[in-house]
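Visitor: Below are the structure tokens for one structure; questions will follow.
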Amino acid sequence: MAKEHFSKIGYVLAVAGSAVGLGAIWKFPYVVGQNGGSAFVLLYILICAIVAIPVFLAELSIGKLSESDTVNAFKKLTTKNKTLWGYVGGATMLTAAMIASYYLVIVGWVFKYLSISLSSLPTALPSDMNTSKTLFMEFLTKDWLGQLIFFAIAFASCIIILSRGVKSGIEKISVWMMPALFLMLIFMLLYSFSMSGFIKAAEFLLVPDFSKIGLDSLFSAIGLAFFTMSLGMAVIITYSASLADGTNLFKSTISVVAINIAVAIIAGLVIFTFIFEFNAEPSQGVGLVFMSLPTLFANLGIVGNILSVMFFSALIFAAITSAISIIEPFVFFLIREFHMSRTKSLVAVGSGIFILGVLCIFANIEGIGEKYMLFGKDFFTLLDFTAEKILLPLGGIGGALFAGYVIKKEAIYTLFRPYMTDWMIGVWYFLVRYISPLFVLAIMIYMLFFS
Ligand code: PHE
């Protein structure tokens, strides 16, 4: 099978596309605001430096040195316990597919709101908070058909992109969607300069307040860094298997971190300008994107329409480039391991994800979701909990320990030396062997038992 490689910029944008997603846009800004503004951004950068970047480089080296799918990557690079490590790789890949299912359900909701923003002028968006809440809750708990249709649109978009392969699919879409996302955010940022809420937003996000930094902030920073950098889920391993020789891997990694932070801060400034301009409550996730923001856009007339279309399109671009990255690892595995065609692999993986997605949709539907609860949790919540709180940290620890202890040192040095000094590689070894796994283990225990 001919191997496809990303171009240098294509790799950075594809990985940045994976990184920048719902995490950066709807979680990061709020967590920053709640945890002492730029004091938290500094903490996040520190955590990126000592936990996320080392794990990222670990996963990158597993991918690049093996040039294989995640399962065979682990198997190829060890002489002992091949089967066990193969399972570790397989587990991360499955985790990714699990996350893809409910991630795409959420992307479907974004498509729904884009369609509302486009549907009538001046606006069909709800203009007060109560109407907005009712609209969203009815959609979530009653309108399974609507959710199914929009989920199918999100799902189909990803499958179509992935069917075109690494270069003309993943790379091509990232190379235009990422700059487009950036331009839309910049446009909205310029618009928000004209509003008085901007000063408050800047204060909320940027003025450092170190008194708000506590143990909780530390754990939030680790969790956020991991999720937003797409670690622990076979994504970086898979994308790095198609990394072209001669790509500066250290610079690429730093660029991805920088793009992620820049997007998150710009998105945060925009979102909170609106929130403060209209005296709304700063919140995160679902409430922010599907309840507060639509009402604020609705109050701005035709400009609100434009901003709303732009905001939801930007969110779709960010989320689609992330969603394809969590579907690809499994697809890549089937292609490599069983020599299946890309189309057949997509059908196989896609069917699994589609079924899980449908189960996630019905999990929220009144009168149906209650019927298949497990451990007191509905299916959607359970999937999210298992994947993000248990499997994802374990996958990250597995990758770090594997690169730190199992891969031959000479191989790592040969790979890193053109771009990093021996001293830097030494520091990386120390972090990846001792510091990163411990931090990740700590957050896992904390999230499971104390939060
Ligand atoms: N990084 C993406 C986000 O922030 C989500 C994601 C996680 C994508 C893990 C791939 C792997 O939304």
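Visitor: Go through (1) over 14 Å from Ala234 (Cβ atoms); (2) out of contact with any helix residue (DSSP H, G or I) (no Cβ under 6 Å at 6 or more places or on another chain) one by one and return the number of the condition Arg336 breaks.
Guide: Every condition holds for Arg336 apart from (1).
For (1) of a type in the set (D, E, K, R); (2) open to solvent by less than 10 Å² (accessible area, probe 1.4 Å); (3) at pLDDT 95 or above, each residue gets a yes or a no:
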site: Ile50; (1), (2), (3): no, no, no
site: Glu59; (1), (2), (3): yes, yes, yes
site: Asn72; (1), (2), (3): no, no, yes
site: Gly90; (1), (2), (3): no, no, yes
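Visitor: Another question, if that's okay. Search the range 223-241 for residues being part of a helix (DSSP H, G or I) and more than 9 Å from the ligand (Cβ to nearest atom), and hand back the single one that is nearest to the chain's Cα centre (by Cα).
Guide: Filtering the range 223-241 for residues part of a helix (DSSP H, G or I) gives 223-228, 235-240.
In the following step, the residues that additionally are more than 9 Å from the ligand (Cβ to nearest atom) were identified as 223, 225, 237-240.
Working: Gly223: 12, Ala225: 10, Ile237: 15, Thr238: 15, Tyr239: 14, Ser240: 17 Å.
If we take residues in the range 223-241 being part of a helix (DSSP H, G or I) and more than 9 Å from the ligand (Cβ to nearest atom), then Ala225 is nearest to the chain's Cα centre (by Cα).
Yes/no per residue for (1) surrounded by 14 or more Cβ atoms within 10 Å (Cβ to Cβ); (2) at pLDDT 95 or above:
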site	(1), (2)
Tyr413	no, yes
Pro418	no, yes
Asp422	no, yes
Arg433	yes, yes
Ala442	yes, no
Ile445	no, no
Leu448	no, no
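So that you can scan it fast, the table gives a plain yes or no per residue for (1) in a helix (DSSP H, G or I); (2) touching a helix residue (DSSP H, G or I) at 6+ places or on another chain (Cβ under 9 Å); (3) open to solvent by less than 20 Å² (accessible area, probe 1.4 Å):
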residue	(1), (2), (3)
Thr131	yes, yes, no
Thr134	yes, no, no
Ile149	yes, yes, no
Ala154	yes, yes, yes
Ala180	yes, yes, no
Ile186	yes, yes, no
Lys200	yes, yes, no
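Visitor: Among the listed residues Ile302, Ile324, Ile275, identify the single one that is in contact with a Cys (Cβ under 6 Å, 6 or more places away or on another chain) and either open to solvent by 10 Å² or more (accessible area, probe 1.4 Å) or not in a loop (DSSP other than H, G, I, E, B) (or both). Please lay out each step first, then the result.
Guide: Values: Ile302 fails: in contact with a Cys (Cβ under 6 Å, 6 or more places away or on another chain); Ile275 fails: in contact with a Cys (Cβ under 6 Å, 6 or more places away or on another chain).
Of Ile302, Ile324, Ile275, the one residue that is in contact with a Cys (Cβ under 6 Å, 6 or more places away or on another chain) and either open to solvent by 10 Å² or more (accessible area, probe 1.4 Å) or not in a loop (DSSP other than H, G, I, E, B) (or both) is Ile324.
Visitor: Something else: Here is a check on your reading of the model: is Asp216 more than 22 Å from Asp69 (Cβ to Cβ) and open to solvent by 40 Å² or more (accessible area, probe 1.4 Å)? Write out each step before concluding.
Guide: Numbers: more than 22 Å from Asp69 (Cβ to Cβ): yes; open to solvent by 40 Å² or more (accessible area, probe 1.4 Å): yes.
Taking the combined requirement at face value, the residue satisfies it.
Visitor: Go over the candidates Ser211, Ser220 one by one and state the one that is within 16 Å of the ligand (Cβ to nearest atom), of a type in the set (Ser, Thr, Tyr) and closer than 30 Å to Glu388 by Cα.
Guide: On the way: Ser211 fails: within 16 Å of the ligand (Cβ to nearest atom).
It is Ser220.
Visitor: Pick out the one residue from Lys408, Lys377, Lys389 that is surrounded by fewer than 23 Cβ atoms within 10 Å (Cβ to Cβ), more than 16 Å from the ligand (Cβ to nearest atom), farther than 27 Å from Glu138 by Cα and not aromatic (Phe, Trp, Tyr). Steps first, please.
Guide: Working: Lys377 fails: farther than 27 Å from Glu138 by Cα; Lys389 fails: more than 16 Å from the ligand (Cβ to nearest atom).
On inspection, the qualifying residue turns out to be Lys408.
The values are calculated or read from the model by the stated rules, or taken from the named source; none is laboratory data. Given the structure is predicted, the values throughout are model-derived calculations rather than measurements. As a convention, Cβ positions derive from the backbone with ideal geometry for all residues, glycine included, and neighbour counts pool all protein chains shown. To get the accessible areas, we keep the full protein, side chains included, count just its heavy atoms, and leave off ligands, DNA and RNA. Shrake-Rupley method; radii C 1.70, N 1.55, O 1.52, S 1.80 Å.
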